[in-house]
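Beneath this line is the structure, given in structure tokens, with notes to follow.
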Amino acid sequence: MSRLMPAEIDVPNHVQRLLIVDRTAPQNENLAVLEGLISGEAPFEVRNAVEATIATVQQELNSSPRYEIIRARERLRGGLFAQTFPTPLTWPQIEALCREYDADAVLALEKFSSDFIVTDKRQIIKKTEGEGRNSRTVEVQGIYAEGVASVQVGFRLYDPISKNITDQRDFEKTNLWSAEAETKTQALALLIDKVKATQYVGQLAGASYARRIAPMYLRLNRMMYQKPNDNPALARGARLGEVNRWEEAVEVWENGLNFPHKDKTGGRICHNIAVGYEVLGDLESAKYWAGKAYTDYGLKQGRTYARSLNTRMIQEERLRQQLSREQ
């Protein structure tokens, strides 16, 4: 199932049009160049990674019904290569941006730093020799290389109505890639490019922050029982569910309880009914049937499922409040 889940934090409901601002232009160009040389990063590499981060935030937020997203044209001076947040933007600056773009609040990427470390070591690797039916795998001395990319990003969310920084959050994301070959040159050639690696982890950071402030669709997995075969309704209802005929599936399962069955089968039928009602969006009924699977038939999974449905009901109420336009 794909379901809309609430954001990690509650953003005031009057924030409907959200302006995204890049505030990572260096405060001092010469110092930024020097820092880039020290870290081994060319300016265009960092700029590309910043752009990938912001583009991902924008894309993810656009997939949520929570906001209307606007992207600012200008790039403000802020925290490129910085480890700490720069001084906050002033409220006159925020108000001017909101007037210019007809926005309710400003989300700014205010600091960004990245790193990419490559290590290698000699070890035995596997190599394929020959082709087709004559191919064989042999072990040879080779090089194993690893590349670790990391980014540290910082976001602020400014609300000019309440004059509050609604959120200020650091994110650090890392990812590892590996490659092996007979020589170091070959192994490094197979390893991911530094620019692409930094962009990738920047995208991870951007997606994580979007989920923090906006409801997002997530995949939920639920188990359905098709066996034992002592009650044909169990398997038939499951087949109906597999082709998205959930109302019919629930009816088949409920009728199946009227026939003689073992407790194990009855518990599984009740569990399946709960799944059907959850897919149909009736969480109250789903929770009732999940509980019935445990209380009437002793199915332990029913107790666990009922608890998870109770959590979902709390999340649904929070989601309703987050999507409300009432002040």
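Residue count for segment 62-103 satisfying the condition of being out of contact with any Leu (no Cβ under 7 Å at 6 or more places or on another chain), open to solvent by 50 Å² or more (accessible area, probe 1.4 Å) and outside any strand (DSSP E or B): 14.
Out of all the residues in segment 213-222, is one or more touching a residue at least 12 places away in the same chain (Cβ under 8 Å), more than 14 Å from the chain's Cα centre (by Cα) and at positive phi? Within segment 213-222, not a single residue is touching a residue at least 12 places away in the same chain (Cβ under 8 Å), more than 14 Å from the chain's Cα centre (by Cα) and at positive phi.
Sort out which residues of segment 134-153 are surrounded by 15 or more Cβ atoms within 10 Å (Cβ to Cβ) and not polar (S, T, N, Q), and write them in order of number. First the steps, then the outcome.
Looking only at segment 134-153, we keep the residues that are surrounded by 15 or more Cβ atoms within 10 Å (Cβ to Cβ), and these are 142-153.
Gly142, Ile143, Tyr144, Ala145, Glu146, Gly147, Val148, Ala149, Val151, Val153 - these are the residues of segment 134-153 that are surrounded by 15 or more Cβ atoms within 10 Å (Cβ to Cβ) and not polar (S, T, N, Q).
Helices (runs of 4 or more DSSP H) fully within segment 254-327 that include at least 3 residues being open to solvent by 50 Å² or more (accessible area, probe 1.4 Å) and either closer than 27 Å to Glu8 by Cβ or touching a Pro at 6+ places or on another chain (Cβ under 6 Å) (or both): 300-323. Only residues that are touching a helix residue (DSSP H, G or I) at 6+ places or on another chain (Cβ under 7 Å) and modelled with pLDDT under 95 were counted across segment 214-226, and they come to 4. The residue list Arg156, Arg211 contains one member that is touching a helix residue (DSSP H, G or I) at 6+ places or on another chain (Cβ under 9 Å) and either in a helix (DSSP H, G or I) or surrounded by 20 or more Cβ atoms within 10 Å (Cβ to Cβ) (or both), which is Arg211. Contact map, segment 176-191: first residue under 18 Å from Ile117 (Cβ atoms), second residue open to solvent by 60 Å² or more (accessible area, probe 1.4 Å), Cβ cut-off under 6 Å, separation 6 or more or different chains; pairs are Ala179/Leu190; Lys184/Asp120; Ala187/Glu180.
The values are calculated or read from the model by the stated rules, or taken from the named source; none is laboratory data. Remember, it's a predicted structure, so these values are computed and weren't measured experimentally. So basically every Cβ, Gly included, is an ideal-geometry build from the backbone, and we count neighbours across all protein chains shown. In case anyone asks, the SASA skips ligands and DNA or RNA and just uses the protein heavy atoms, side chains included. Shrake-Rupley method; radii C 1.70, N 1.55, O 1.52, S 1.80 Å.
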